[in-house]
1. List the pair-distance distribution P(r) of chain B, using every Cα-Cα distance, as the percent of pairs falling in each 10 Å bin from 0 up to the bin containing the longest distance, rounded to whole percents.
2. Measure nothing but the geometry: give the 0 to 90° angle between the long axis through the Cα atoms of B:137-152 and the longest principal axis through the Cα atoms of chain B, rounded to 10°.
3. Considering every residue in A:87-99, what mean count of other chain Cβ atoms within 10 Å of its Cβ is obtained?
4. I want the antiparallel fraction of DSSP beta bridges within chain B, as a percent rounded to 5.
5. Two-decimal Rg/Rh of the protein assembly as shown from alpha-carbon positions, Kirkwood Rh?
6. Could you grab the relative contact order for segment A:20-69? Cα pairs under 8 Å, six or more apart, rounded to a whole percent.
7. Would you mind calculating the gained length between B:E268 and B:R24 on full extension (0.36 nm times residue separation, minus the Cα-Cα distance), in nm to one decimal?
8. So what are the ³J(HN,Hα) numbers for segment A:53-67, from phi and the Karplus equation (6.51, -1.76, 1.60; θ = phi - 60°), rounded to whole Hz, Gly and Pro as x?
Amino acid sequence: MTQTPDAPTPPPKPTRIAPIIQHDAKFFWDASDKEEFLGEKCGDCQQFRFPPRPMCPHCHSLKREEVKLSGYGTVHGWTIPRHPPPFGFKEAPIVIIVELQEGTRMVSNLVGVAYEDVKQDMEVEVFFEPTMGNHKVPVFRPRSKKA
Amino acid sequence: MSDRKEVVIRGVGSSHYGRFPDRRVESLAWEAILEAMQDAGAEAGEIEAVFVGSVFGPPGVATRTLRGIGIGGVPVITIEAACASGTAAYHEACEAVALGRYSCVLVFGIEHLSSLFTRGAIVPEATDSEGRAGLPLPGLYALQAQRYMAQFGTRPEAFAEVAVKNKGNGAHNPRAQLKGSAPTLDEVMSAKMIAEPLTFLQCCPVSDGSAAAVVGRPKGRRGEVRVLASAMASGQLWDHRSKEFWGEGPVRRAAQAAYAQSGIKPSEVDVLEVHDSFTIGEILTLEALDLCKVGEGASLAPSGHTQRGGQQPVNPSGGLLSRGHPLGATGTAQIAEIVWQLRGMAGAHQVPNAKLGLVETMGGGAAGMEGNASVVSLLALR
């Protein structure tokens with residue numbers, strides 16, 4: 001196969017480190033690889049929880065359900081770890097606590113906005129960033145349109 | 001509770017704190033233990049058990065330490081509770097004596113971080129989701145600081161004031177890692193940004209060190225310090241949904257238990273050594289200890305209340321921000337400091353008229369939980 005001079009350059013290889021996949025969260029990461037955002041909720045009291053685990057922290061039930069999450073949420077807290085540069089990031093990432101529409105909060109990253117422009121309760125939506133080892137992880141960006 | 005026995009701290013000791021890449025971890029503990037044994041007037045043969053706090057070991061660090069100080073054959077129990085490991089070991093030692101299991105035990109905390117973390121901040125546990133989002137330990141506290149600013153309109157200078165106070169105190173502490181260094185507010189504010197809004201000088205240094213205490217039944221010797229209360233509270237399940245900034249719950253619960261045990265009110269405490277690994281940590285801790293209402297903690301240093309000459313001096317040793325933070329050793333270092341303060345032996349950073357002291361340590365950082373554990377102890381000269 002010959003290369004033509006105007007062949008598109010491949011996207012840069014991802015530097016973000018892949019998640020460590022533990023048994024209880026395997027469904028979450030497998031879904032992420034397919035750009036699906038799943039959560040875990042209790043099969044009895046129906047409350048959401050994160051990170052995934054065997055037992056409901058609210059009612060101690062062992063019934064668990066994997067459910068599709070809306071992917072929408074708001075910024076509850078944020079920072080930017082500038083030094084030392086976190087491993088796997090070319091530039092310091094904005095780290096947020098995101099409050100998902102379903103009520104759970106989780107720590108993730110916010111991209112597509114300058115640190116100075118992050119606002120309390122700013123609306124965000126999930127998307128997926130590639131990592132090393134051909135995985136994808138959910139991160140957030142400012143919400144593009146109202147549902 | 002009535003059949004609980006009186007517990008005293010008979011003696012304390014510590015190494016210097018800093019980066020000692022050429023010292024083996026045990027040798028720092030030998031320095032601390034030998035000083036504590038001498039201070040207590042205790043013989044090696046009196047020690048019935050040894051309680052050790054350490055986070056990163058190495059494995060077998062407790063036993064390897066004992067070979068240098070002539071103690072062997074007795075039960076040796078190593079406890080890990082993140083940053084509260086040393087105080088957790090102390091707490092278990094106090095309980096063992098109070099319940100009559102032993103009459104004289106050795107406690108020490110030990111850590112050698114300079115050989116493990118050469119890039120700076122401690123690396124978070126890799127399987128916790130926080131770490132994979134690029135959130136190091138300073139970032140976790142920065143999130144709390146940012147939330148605090150958003151909720152109360154606090155300015156970043158209020159956090160920096162804690163560093164100015166504690167490093168100003170530690171400048172006079174010959175054992176502190178940052179001894180001799182008392183930065184101004186401008187210097188703290190303009191230091192390298194670590195994680196917004198916390199600058200380099202608002203983060204504790206990575207340290208090596210050890211501190212020790214001999215805990216037991218009273219001997220009637222001068223300088224014995226009575227353990228009025230010691231309480232440990234572990235982290236509960238937590239998913240960030242509470243109104244708390246992170247997981248201050250364990251501190252609050254340990255404090256409430258310690259106040260209840262002793263009948264002492266927060267306003268009665270004369271001197272405190274608390275967990276100020278980052279400036280915001282001291283503020284949230286003092287609120288959890290009920291020294292003030294939630295939202296008022298940031299005014300305690302600027303108002304003078306927690307300054308060395310203030311009504312309730314906090315971290316006269318310089319705290320973790322100046323002494324350094326050798327994780328497992330920090331709790332025992334805090335205990336040693338309060339003992340010296342109560343005896344009037346603290347030297348250039350002595351607080352006047354300290355009759356009642358409080359030690360608090362918080363071991364944080366565990367995804368899905370408030371944190372590992374917190375210990376709060378109340379102490380007074382016997």
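1. 6, 27, 37, 24, 7, 0
2. Approximately 60 degrees, to the nearest ten.
3. On the way: counts 7, 2, 2, 0, 0, 5, 4, 3, 11, 4, 9, 1, 2.
So the per-residue partner count for this stretch is 4.
4. Values: 39 of 54 bridges.
Antiparallel: roughly 70 percent of the beta bridges in chain B.
5. Working: Rg = 24.2 Å, Rh = 24.0 Å.
With Rh from the inverse mean 1/r over Cα pairs, Rg/Rh is 1.01.
6. On the way: 76 pairs, mean separation 17.4, N = 50.
It rounds to 35 percent for segment A:20-69.
7. Details: separation 244, 0.36 × 244 = 87.84 nm, distance 4.13 nm.
Full extension of this stretch gives 83.7 nm more.
8. Using θ = phi - 60°, the values come out as 7, x, 10, 5, x, 8, 10, 6, 6, 9, 7, 10, 10, 9, 10 Hz.
Bear in mind these aren't lab numbers, they're just calculated from the coordinates by the rules spelled out. Being a predicted model, the structure only gives us computed values, none of them experimental. Note that we place each Cβ from the backbone using ideal geometry, even for glycine, and neighbour counts take in every protein chain shown.
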